[in-house]
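Report on the following structure.
What follows is calculated from the coordinates using simple rules that are stated; it is not laboratory data. Computed from a predicted model, the values in this text were never measured in an experiment. Virtual Cβ from ideal backbone geometry, glycine too; neighbours counted across all protein chains shown.
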Amino acid sequence: MEATPDSDIVTPNEGFHEVEVSGENEVEIGEDNDVADLDRVSPSRCQKEACHHKYILTDKLTLCDFPKRYRDRDVLQLAKVLALLTVKVRVGYVSRERPEFSPENLRYPLYTLRGQSIVSCGSGRIWDVEIITPEQNRKCECRGCRASDTPIYAWAYVYVDTATHVVFDNDEAKSTDCWWGYDSPCAPHVILEGVAMKDRNFARDTFRIACVTHDLDLVRRLQGWTREYEELFWEVTNKYDGSEQEVKDNLIIIVSHPHGCYKRVSLGPWESREELSDKRTRYSYTASTCQGTSGAPVFIIGREGWEWYTHAHSWTDNKPGKTSNFSCYRWF
Ligand SMILES: [Zn+2]
Ligand SMILES: [Zn+2]
């Protein structure tokens, strides 16, 4: 067999070649039993284990956790509402269409497991809901109702934003469950069943999935929180305008399910901001992220442009002595 010329060999982005595993997009390959407690995650499973103690459980978050400049009731409430809208994204199938490399030449997660029923986990943010009433005469699209002679006619869509490398296409969307309220052993979580891909941008690493539920009480509460998020979004953005001098004193809030465990908040500064010609931006930051954080909302205080377009976590560059985490591309 003829040797392949060097120029034909595709190698991953150099920065990730050295740290291949954690340099990949952060999707956690799950086990049969989800480990709920981050403290029980084996250190051997995480190269960033040292950052585990920096995560904050959502119900333990107080003003004291924020840097002095951001000890503000609206900032705290924004983080709490963002947490109420954050879900664990649990995908049960790997699409045959997953590519080997991302548009930025990073190794694409799960590529070698294409076509298999493997569980992987990321995070996502609920951005809107749509209630379907009996008058609309539309059968619920959940797996149970589709197989039932007596389907439900009062149900709702819940739309969740995540990253494309977490849920890749329609096949994966249909095998996905979003777990709302997966916060502690005290509160049972609600499963929002994925039914379809709603929107996707492979180059920007953004994905919107349509989920369904019969729990209309929850849906109405979610609706209230999306409105409160919008209000707080403007309150906080107006209070901390994102001028250049803030670069040295800035803050991001991430809410995610690291390793698929109970929800946690990470706080920290962002380091750099990259802007494309179409005004989309990507941020790098040092706030804690782990496998499972992919797709999680990354709120950049004073910089977010429009409430629907909160950045999402995408990948990490974990070099000895220096870890940088990067968001997907979003506006502003
Ligand atoms: Zn149903
Ligand atoms: Zn970890």
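General observations
- With R₀ fixed at 35 Å, the C-beta to C-beta distance from Arg146 to Arg45 puts the FRET efficiency at about 0.45.
- Net charge of neighbours whose Cβ lies under 12 Å from the Cβ of Gly224, counting Lys and Arg as +1 and Asp and Glu as -1: -1
- Build a GNM of the chain with springs between Cα atoms under 10 Å apart, and of Tyr93, Tyr285, Tyr70 the one that fluctuates most is Tyr70.
- Under 24 Å from Lys319, Cα to Cα: lysines that are on another chain or at least 8 residues apart: Lys48, Lys54, Lys248
- Choice from Glu275, Glu135, Glu231 with maximal GNM fluctuation in the chain (Cα, 10 Å cutoff): Glu135
- Cα gyration tensor category, rounded, prolate or oblate, for the range 48-149 with a/c compared to 1.5: oblate
- Counted residue by residue at 0.36 nm each, then reduced by the alpha carbon distance between them, the extension gain from Asp128 to Glu275 reaches 50.2 nm.
- Each of Lys139, Lys322 was scored by other Cβ atoms within 10 Å of its Cβ. Listed from fewest to most, they are Lys322, Lys139.
- GNM result for the chain, Cα springs below 10 Å: residue of Glu104, Glu228, Glu193 fluctuating most strongly: Glu104
- Taking θ as phi - 60° and the Karplus parameters 6.51, -1.76 and 1.60, the scalar couplings of the range 99-114 work out to x, 7, 10, 7, x, 9, 6, 9, 4, 7, x, 6, 3, 6, 10, 3 Hz in sequence order, x denoting glycine and proline.
- Residue-averaged 222 nm ellipticity for the chain, from DSSP H runs of 4+ at -39500 (n - 2.57), nearest 500: -4500 deg cm²/dmol
- Long-range HN-HN contacts of Tyr108 with modeled amide H, under 5 Å: Phe101, Ser102
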